[in-house]
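Just below is one structure, and these are the notes that go with it.
Rule-based calculations on the coordinates, nothing more; no lab input. Given the structure is predicted, the values throughout are model-derived calculations rather than measurements. Ideal geometry is used to build each Cβ from the backbone, glycine not excepted, and the neighbour counts take in all protein chains shown.
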Amino acid sequence: MKNTALSTTHEALGAKMVPFAGYNMPVSYEGVNVEHETVRNGVGVFDVSHMGEFLITGPKALDLIQKVTSNDAAKLADNQAQYSCLPNKNGGIVDDLIVYRLEAEKWLLVVNASNIEKDWNWINSHNDAGAELRDLSEDYSLLAIQGPKAVEAMQSLTSVDLDEIKFYTFRVADFAGIEHVIISATGYTGSGGFEIYCKNSEVKQVWDKVMEAGANWDIKPIGLAARDTLRLEMGYCLYGNDIDETTSPIEAGLGWITKFSKDFINSEELKKEKERGPERRLVAFELNERGIPRQGYDIVDGQGKVIGNVTSGTMSPSLGKGIGMGYVPTIMKEPGTQINIQIRKNAVPATVVKLPFYKV
């Protein structure tokens, strides 16, 4: 089990630590509901240093990225980022990721912790153009400072105007006394804020300065449990739950990051799937009665026939009701459609809804 550079800090703060993607990670401190509300209404900080970072450089860097990712990275300018995925050759997804353009010949890919080795091998196996790759995952840490008070709470730590860093843009600048960190507005909570990429040797100083600067705004450390409820309220996909090697980006509702203006791995087959329409679709639903939908629960129709399964589910702290996502036949994807979630012996009625669940 690997530790992040801050594992002992989390333990000293009383965090409940759990194994996650091969790392010893804080799942909660005070409890998921308290931490969830802190991020929705104030500011909280997550240690997500388990994420992977690949640096791709050289004149062929963009060619490789265009080949292995579904979105069109050619549209990015310096200091812009893009959500994308790595399609496999069978219609599924190797991983979802964020692509950062640092310079014309210098790019950063941020991938999921559980897929670092798999993604690294996959991208390298398709690097016939001769791009230069470096795996920085073991050397860098990542903090996510999230919430509507993040800008004002953190402004004193940097010389750049945090208000000017718009969603899916970033700056390489000073932060918390460290030069040349990446300050990125690519959050996973739907409540605004920033991600800070720095070296492992620097992250303790950054963490301490963040907690000190945020004290007047009641900043709190936040665990992975609240990160999951926050992202689910926004309808953001989680790899391994809502998308995986067997789910296509089209049926997962990720057609908007699947651009057929270029050629990429399996693009022809995915284009055909989009044109004919997928047989199933990932939908969002809210329970009409009390209950908590969980990953793996069956979705059934009015006659009790299994028509799909829940991929993510929870009791929404913001809405006070059970919410979830899951795959159903495409004919049942429209908001307002009635389905049922099999919770133990009860088929609990639910309604398909439009995302996000949580609206600011």
Set of aspartates and glutamates with alpha-carbon distance to K354 below 13 Å, sequence-local pairs under 8 removed: E233, E286, E334
Per residue Cα convex hull volume in Å³ - calculated over segment 52-135: 77 Å³
Peptides 219-229, 17-27, 247-257 ordered by average Cβ neighbours within 10 Å, highest first: 219-229, 247-257, 17-27
Over 31 Å (Cα to Cα) - which of K75/K220; K199/K262; K272/K333; K60/K272; K149/K274; K2/K345 fall in this group: K75/K220; K199/K262; K149/K274; K2/K345
HN-Hα J in Hz across segment 20-31 - Karplus 6.51, -1.76, 1.60, θ = phi - 60°, x for Gly and Pro: 8, 6, x, 10, 8, 10, x, 8, 6, 10, 9, x
Spin-label model distance (nm) - E179 vs E138, 7 Å beyond Cα toward Cβ: 2.7 nm
Cα shape, the chain, gyration tensor, a/c 1.5 rule: oblate
Length released on extending from D208 to K75, taking residue separation times 0.36 nm less the Cα-Cα span: 44.2 nm
Kirkwood hydrodynamic radius (C-alpha pairs) into Stokes-Einstein, segment 1-81, 25 °C and 0.890 mPa s, D in µm²/s: 154 µm²/s
Near-label residues of segment 337-360 by backbone N, under 17 Å of a point 7 Å along Cα→Cβ of R294: 341-348
Phi-based couplings in Hz for segment 192-201 (Karplus 6.51, -1.76, 1.60; Gly and Pro marked x): x, x, 9, 10, 10, 9, 8, 6, 3, 5
In sequence order, calculated HN-Hα J values of segment 208-219 (Karplus, 6.51, -1.76, 1.60; Hz; x Gly/Pro): 4, 5, 5, 5, 5, 5, x, 4, 5, 10, 6, 4
Computed FRET value (nearest 0.05) for D163 with V34, which takes r as the C-beta separation and R₀ as 25 Å: 0.35
Full-stretch length increase - A12, K106 - with 0.36 nm per residue and alpha-carbon distance subtracted: 30.0 nm
